[in-house]
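What follows is a single structure, written as structure tokens, with notes after it.
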Amino acid sequence: MKLVAFVSDYRMTVDTLDRLKPEKLGIVLVQNGVYHATTKENGNPSSLLNYSADYYVLQDDLETRGLTGSDVDGKVKVISFGDIVDLIFNDYDKSAWL
């Protein structure tokens, strides 16, 4: 299964991801979840960025919080709403909201 998970909250752990075993995992950071792409925990990137996944962050949600693409960790690709639609229809079989 190819799964894209939307993370909309800034929690230090998303334990649901630990139980999922997709063959391909994409994580889209939206709403307050964008802080995972920009905030350091004791000088290290967010622990959410430790999964074997493709990471994306929604540009509009970054800008709403006064952040830019230059604030984003190098593992994370900044995308638009149109890009999200493309991911859902072209790259992933299932989607989940966490």
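The values are calculated or read from the model by the stated rules, or taken from the named source; none is laboratory data. Fair warning: this is a prediction, and the values are worked out from it, not measured in the lab. Here Cβ is always computed from backbone atoms with ideal geometry, including for glycine, and neighbour counts include all displayed protein chains.
Things worth noting here:
- When the range 39-98 is filtered for residues that are touching a helix residue (DSSP H, G or I) at 6+ places or on another chain (Cβ under 8 Å) and among the acidic types (Asp, Glu), the ones remaining, listed by number, are Glu41, Asp60, Asp61, Asp71, Asp73.
- Candidate set: the range 46-62, residues that are closer than 18 Å to Tyr35 by Cα and small (Gly, Ala, Ser); chosen: the one surrounded by the fewest Cβ atoms within 10 Å (Cβ to Cβ): Ser47
- Output for the range 11-45, where each listed residue is farther than 21 Å from Ser95 by Cβ and polar (S, T, N, Q): Thr38, Thr39, Asn42, Asn44
- Restricting the range 63-95 to residues that are within 12 Å of the chain's Cα centre (by Cα) and in contact (Cβ under 8 Å) with a residue 24 or more places away in the chain, the residue that is surrounded by the fewest Cβ atoms within 10 Å (Cβ to Cβ): Lys75
- For first residues located in the range 15-39 and surrounded by 14 or more Cβ atoms within 10 Å (Cβ to Cβ) and among the aromatic types (Phe, Trp, Tyr), partners that are part of a strand (DSSP E or B) and at pLDDT 95 or above and lie 6+ apart or on another chain with Cβ distances below 9 Å form the pairs Tyr35/Leu29.
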